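The values are calculated or read from the model by the stated rules, or taken from the named source; none is laboratory data. Every value quoted in this text rests on a predicted model; they were computed, and no experiment measured them. Heads up, the Cβs are rebuilt from the backbone with ideal geometry, glycines too, and the neighbour counts pull from every protein chain shown.
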Amino acid sequence: MGKISARSVGIDLGTTFSALAYLDEKGRPRTVTNSRGHDVTPSAVWVKPDRSVVVGEAALAARRNRADHVAVNFKRDMGEKVYHEPVCGKQFSPQALSALVLKKLGIDARNVLENITGAVITVPAYFGDARRKATQDAGRIAGLNVLDIINEPTAAALANAFAEYVHRGGDMVRLDVARIATTAPATTLIYDLGGGTFDVTIIRIDNNNFEVVATGGEVQLGGVDFDRRVLNYYCDEFQRRTGVDPRDTAESTVKILNACEAAKIHLSKAEQATIEGEYLGKQMKLPVSRQRFEQLTSDLLARTQLCVEMLLEDALLGWDRIDNILMVGGSSRMPQVTRMLAEVSGKAPDMAAAPDQIVAHGAAIHAAILTYDRASATPSAPKKPITPDAELSFLDDDDDEDEGGPSASGSTSFDDIPLSLPIEEESEDQSDAPVSAPIAPMEAPIARGIKLTDVNSHGLGVIVRSSRESRTVNSVIIPKNTPLPTTRVKVFGTEAANQRQVRLRITEGDARDPRGCTQIGECLIRLLPKGLPKGSPVEVRFAYDRSGRVHVRAVELTSGAGADVEIKRDTGFDADTVGKMADIVAEIDVE
């Protein structure tokens, strides 16, 4: 059978496993199998001494004996300057490692598709701006035309609604978006426990509009944390019995961690499993019951429960307003997850069909949507007049030192990829952006009809002086869980008479105390006119688009002096470095 014509694809770039999907000629999501015939590919990168790269199952196998040559779980480091461990004696950025996984997915996809014209890549809903931009960069380094970034729970809800429509007899040839929406639950809570991250999201479906009501979660919580609890339990007992600790070497730790993961998976179906391990010629078998496993990990499960309850509180919803609970992610298969959700909600949760693939399927549907609708709404400015907040003012900051990180420079050879990069900003006008080649006509109805409305997962604001509190505070301009796209404006006053400049320190976070937030950028209004009185109004405008990009404009209203934000990150590279890295990755042989 010949290859399928050019397609845009959806990619679930996961912490432990990744998947790529497309829509076939009838508009159905299909997962591309990898070279070993599997639907998902381990997000593992093995860098050999000759600098060739192996991605996937073989990389995991190599980790048992050469742990220092294999990188795993690097999605958890997205947005950081480098991956937390050297690989083959070199430092790599999470973007570079992720790009190698994406390249492998693309190689496998080209065995089925004639060409990949664009890609939508998924991210945890709770990813902040730095991690989202790092994910976009990874796609570009891999040579992909990144059409968009979509939240994983949103993609799952979209795919689930489609699957429900088909299950209830929906016509696969003449897709009716209105019927897809009406057959789906009106309000769904999506519990997404993956290998390395946890998301919980509430989505409301109204006609053909998929509206994200609220989202929350933890970036550093997933199935790997459950595995490590079992690992420590086993190794503590091993040390007690034999006097040696298998955690002393990376290789022995990996081997036992793999056994613990296998035991965890087995305990989802059985009441007891046995973990076998060996270190320095000493061996031990340790039976573990499901009850013991649940005791060891009860606090991790409780953290997910707390996230769920906090999200419902933020959304001002009770369980009576939730029509369906959808479990997504491989780690949601653990029986205690279903039991916990049933106990707190009084409802029977539903396990997503193919929970490891559903996110990629939703991303593929979203890619089709973008193929037919590249126009994005431009947020409109508030119409009512805005007056300065007399309590909050900008400090007269004469320190001209750049607090953003330096742009990457120097060698970009494969050996020295430290790799972290600020993406090249794109304008709101997408009319000139590359558009995927037309796909099969059967896909057009679903692509033209569905509308997605997402929310931001973190508040965005600026650091200002509070006269009432006599301290600097974080003033949130766009609260978390605000529907996107949006534009919000606040007006502050200068702190002193004759103030000559204003420095905007832009934050991500919801805490009042700036120390509880992350500074993501800044912009500086210079050379204000002399003689401005104290409290002169400074208007700050935040525009937040659907892709998670933030545009900031600050204007001193009396003089008209202003500045646009230029976000500088110590985790970022400039566009030239992204291009150089893309050239390097293009030349690497990936198996």
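Could you pull out every one of the helices (runs of 4 or more DSSP H) wholly within region 199-303 that has 1 or more residues that are more than 28 Å from the chain's Cα centre (by Cα) and at pLDDT below 95?
On the way: elements: 223-242, 250-267, 290-296.
So the answer is 250-267.
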Only one of 151, 111, 145 is at pLDDT 85 or above and either assigned by TED's automatic domain parsing to the domain that holds residue 583 or under 17 Å from residue 453 (Cβ atoms) (or both). Can you tell me which?
151
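For region 116-124, indicate whether the set of residues that are of a type outside the set (S, T, N, Q), assigned to a loop (DSSP other than H, G, I, E, B) and over 15 Å from the mean Cα position of the chain (by Cα) is non-empty. Please lay out each step first, then the result.
Narrowing region 116-124 to residues of a type outside the set (S, T, N, Q): 116, 118-121, 123-124.
In the following step, the residues that additionally are assigned to a loop (DSSP other than H, G, I, E, B) were identified as 124.
Within this subset, residues satisfying the condition of being over 15 Å from the mean Cα position of the chain (by Cα) are none.
So far as region 116-124 goes, no, none of its residues is of a type outside the set (S, T, N, Q), assigned to a loop (DSSP other than H, G, I, E, B) and over 15 Å from the mean Cα position of the chain (by Cα).
In this structure, is residue 73 of a type in the set (S, T, N, Q), within 28 Å of residue 246 (Cβ to Cβ), outside the structural domain of residue 253 (by TED's automatic domain parsing) and modelled with pLDDT under 90?
Values: of a type in the set (S, T, N, Q): yes; within 28 Å of residue 246 (Cβ to Cβ): yes; outside the structural domain of residue 253 (by TED's automatic domain parsing): yes; modelled with pLDDT under 90: no.
Judged against the criteria, residue 73 is not a match.
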Within region 16-30, is even one residue outside the structural domain of residue 277 (by TED's automatic domain parsing), under 17 Å from the mean Cα position of the chain (by Cα), of a type in the set (Val, Ile, Thr) and surrounded by fewer than 24 Cβ atoms within 10 Å (Cβ to Cβ)?
no
So which pairs qualify, if the first residue must be in region 96-117 and buried (at least 20 other Cβ atoms within 10 Å of the Cβ), the second must be assigned to a helix (DSSP H, G or I) and among the β-branched types (Val, Ile, Thr), the Cβ gap must be under 6 Å, and the two must be at least 6 apart or on different chains?
99/141; 99/585
Region 475-499 residues that are within 18 Å of residue 509 (Cβ to Cβ), paired with ones that are surrounded by fewer than 18 Cβ atoms within 10 Å (Cβ to Cβ) and of a type in the set (Lys, Arg) (beta carbon under 9 Å, 6 or more apart)
475/512; 476/512; 484/546
Report every pair of residues separated by at least 6 positions or lying on different chains whose Cβ atoms are under 8 Å apart, first residue within region 309-334 and closer than 14 Å to residue 190 by Cα and outside the structural domain of residue 481 (by TED's automatic domain parsing), second charged (D, E, K, R) and in a loop (DSSP other than H, G, I, E, B).
319/347; 322/347; 324/347; 325/347; 329/356; 330/356
